[in-house]
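To start, the structure under review is shown below, and the notes come after it.
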Amino acid sequence: MTIEVGNIVEGKVTRITDFGAFVELEDNKSGLIHISEVADVYVRNVRDFLSEGDNVRAKVISIDERGKIALSIKQLNRDNNSDGARQARSPRGPMQRGRGSGDMRRPQRQLSASFEERLSKFMKESDEKLADWKRKTDSKRGGRGSRRSD
């Protein structure tokens, strides 16, 4: 099978760096899975998701004029889950096991208040802070609008 953009390829992780993982493909070719293409979640360390010797499936996302092959596990997972149902993925999936410390995702904060409610709350807090500031600065000047007599 030839390696073309959009194809799904399988290979073995041969080397892991700070910026990604090199994968040995068929015909003695090598591709790179950049750290941003490893998973749908934030990846601080590639070794949390992949380790050398792992067999991986990835999608070919580009081949430049020098023959460098860019691969993506993230886009392959998106294509497989294109039915609209979003699944939570942990770093230790079947093709992504490593020595990591678990899921690096941050909890998503749900905003239940509407924009108008949040704006109203902000305006109220802002007015209270401004009134407090004025009260403090007026007391340092000798009261409300009073002038010092020299």
Some residue of segment 73-87 being modelled with pLDDT of 90 or more and hydrophobic (A, V, I, L, M, F, W, C): yes
May I ask you to list the residues in segment 1-20 that are of a type in the set (Val, Ile, Thr) and buried (at least 16 other Cβ atoms within 10 Å of the Cβ)? ILE3, VAL9, VAL13, ILE16
How about segment 21-59: which of its residues are surrounded by fewer than 22 Cβ atoms within 10 Å (Cβ to Cβ), β-branched (Val, Ile, Thr) and either in a strand (DSSP E or B) or more than 14 Å from the chain's Cα centre (by Cα) (or both)? VAL56
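The values are calculated or read from the model by the stated rules, or taken from the named source; none is laboratory data. Note that the structure is predicted; figures quoted are calculated from it, not measured. Here Cβ is always computed from backbone atoms with ideal geometry, including for glycine, and neighbour counts include all displayed protein chains.
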